[in-house]
Structure formats: structure tokens, C-alpha cells
Amino acid sequence: MRPSLVAALAAAVLALGACGTDSVPTPGPAKIDVDTPQLRQLKQEAGVEACRPGDGEPVDGGLPDVTLPCFGGGRDVALSSLRGPLVVNLWASWCGPCRKEMPVLEEFHRRYGDRVGVVGVDFEDPQTLSAMDLVRTSGVTYPLLADPQGELQGNAPFPARMGLPLFAFVDEDGTVELAAGGVDSVDEMVALVDEHLGVDL
């Protein structure tokens with residue numbers, strides 16, 4: 001092999017060695033915008049209530065200290081600030097049981113929302129327009145947050161692997177009990193609230 005060719009190959013190897021993984025930017029998670037003019041309009045037309053941040057501090061056994069955006073525009077909410085009695089429902093437009101359950105949650109909200117709050121979280125759902133369309137067709141009006149990047153997953157008390165729909169029942173002191181979703185009736189929801197929050201509706 002000619003000396004000039006050896007030198008060129010050595011220089012190329014050195015150049016490649018200088019381009020380690022630290023100097024190459026890796027792609028981050030895709031940006032999913034949950035506050036667009038179209039989503040805002042659809043949310044307003046559906047009559048979805050405004051997101052309301054709480055005033056509590058993080059507590060042991062409570063919701064994680066994670067701030068989520070309001071789905072379709074509005075104020076961000078630090079989950080750890082929320083206090084109950086409150087039902088937090090994790091759902092997604094691609095989740096069949098979620099689609100069946102949401103009208104039941106809305107009926108529960110209409111009947112008992114003055115005593116037990118309901119907040120939905122659209123979880124790991126890149127199809128924001130499909131999600132908002134589901135909100136409209138389900139008649140949902142309770143406040144909605146969004147977690148498009150799955151920040152809650154593995155963030156205690158939420159497990160590393162989550163099946164949807166999922167309930168987080170938040171007590172007056174901020175502590176949480178989780179339960180699988182998929183309710184078929186308001187009576188079933190009332191029974192879960194009694195079991196996990198001790199509220200007799």
C-alpha cells in the first residue's frame with residue numbers, strides 16, 4: 001500500500017474517532033402540540049371546563065410533582081398541587097375501553113361533580129385531533145390535561161408499565177390510590193369512589 005494512501009486512511013480514522021457519540025446530537029421525543037388554535041376552538045365548542053391548578057404542596061403517597069399542560073389551551077397544572085376528593089382518569093383516543101368509559105365519567109361528573117371532581121389526562125396520545133374529537137363525541141366537559149410524552153409513567157405512584165384506562169383517586173390530604181378503569185355505569189363509579197375515597201354519594 002502506498003504511503004500516501006496509508007496516511008489518508010489514518011487521517012480518516014482519526015477524524016472519525018473525533019466524532020464520538022457525545023458530539024452527535026440525538027433526536028429527542030417528537031414535539032406534540034396540545035395547544036393549537038384548532039384544538040382551542042374544538043375544546044370551546046365542546047364546552048370543556050377550564051383547567052384549575054390546586055394550591056397544595058407535594059405529599060408522600062400523592063400525585064407526582066409533574067406539571068402538565070391543559071389540553072386544548074389553558075393553565076398548566078402541577079399534579080402534586082391537586083386535592084380531593086378527586087378522580088384523575090388517564091385515557092387515550094386509541095384505547096377502546098377509554099372510549100366506552102368516558103360518557104360514563106361525564107355522567108358521573110354531571111351528577112356528582114360538586115362533591116367529587118373529575119380530571120382527565122390524555123396519556124401518550126400523538127393523535128391530538130382524534131383525542132379532542134373523542135372528547136366531543138363523548139360529551140366530556142370535565143377539565144382535561146395532556147401527557148403526550150408519558151411523563152407520568154414510572155413516576156410514583158404511577159407504575160413503569162401502565163394499562164389504560166387508569167384511575168388515580170386523590171383524597172383530601174393529597175394521597176392517592178390507583179385502580180384499573182373500564183367502568184360501565186355510574187353506579188360502578190360511585191362504588192369505586194366509596195371504596196377508594198370513602199365518599200358516600
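Bear in mind that the values in this text are calculations on the coordinates, not laboratory data. Predicted model only: the values in this text are computed from it and were never measured. Note that we place each Cβ from the backbone using ideal geometry, even for glycine, and neighbour counts take in every protein chain shown.
The structure shown yields P(r) over Cα pairs in 5 Å bins from 0, in percent, and of the options (i) 1, 8, 14, 20, 19, 16, 10, 6, 3, 1, 0, 0; (ii) 1, 7, 15, 18, 17, 13, 6, 3, 3, 3, 3, 3, 3, 2, 2, 1, 0, 0; (iii) 1, 8, 17, 22, 23, 17, 9, 3, 0, 0 that calculated value carries the label (ii). In order along the range 186-195, the phi-based Karplus estimate (6.51 cos²θ - 1.76 cosθ + 1.60, θ = phi - 60°) of 3J(HN,Hα) comes to 5, 4, 5, 5, 4, 5, 5, 5, 5, 5 Hz; Gly and Pro are listed as x. Scoring 143-149, 95-101 by mean Cβ neighbours within 10 Å over their residues and listing the highest first yields 143-149, 95-101.
When the Gaussian network model of the chain links Cα atoms closer than 10 Å, the mean-square fluctuations of V119, V190, V104 top out at V190.
Rounded to the nearest 10 degrees, the angle from helix 128-138 to the longest Cα principal axis of the chain is 10 degrees. Extension gain for T141 to D76 (0.36 nm times residue separation, less C-alpha to C-alpha distance): 21.6 nm.
Which shape class, rounded, prolate or oblate, goes with the range 100-184 when its Cα gyration tensor gives a ≥ b ≥ c as root eigenvalues, a/c under 1.5 marks rounded, and past that a/b bigger than b/c marks prolate? Cα axes put the range 100-184 in the oblate bin. Potential lengthening of the chain between D114 and K31 amounts to 26.3 nm, from the contour at 0.36 nm per residue minus the alpha-carbon distance.
Projecting label points 7 angstrom from Cα along Cα→Cβ for D184 and R161 puts them 2.7 nm apart. Computed extension length for Q127-D194: 20.7 nm, one decimal, from 0.36 nm per residue of separation with the Cα-Cα distance subtracted. Relative to the dominant Cα principal axis of the chain, helix 3-18 is inclined by about 20°. When a/c is below 1.5 the answer is rounded, else prolate if a/b is larger than b/c, else oblate, so apply that to the range 82-123 with a ≥ b ≥ c taken from the square roots of the Cα gyration tensor eigenvalues. Verdict is oblate for the range 82-123. Relative contact order of the chain, taken over Cα pairs closer than 8 Å and 6 or more residues apart, is 24 percent.
Modelled spin labels at V59 and L201, positioned 7 Å past Cα toward Cβ, are 2.1 nm from each other.
Coupling constants for the range 151-160 follow from the phi torsions by the Karplus curve (6.51 cos²θ - 1.76 cosθ + 1.60, θ = phi - 60°), and in residue order they are 4, 6, 4, x, 9, 3, x, 6, x, 5 Hz; glycine and proline get x.
For L145, the residues 5 or more places off, or on other chains, whose built amide H falls under 5 Å of its own are F71, G120, V121, D122.
Label positions at E177 and Q38, each projected 7 Å from the Cα along the C-beta direction, are separated by 4.2 nm.
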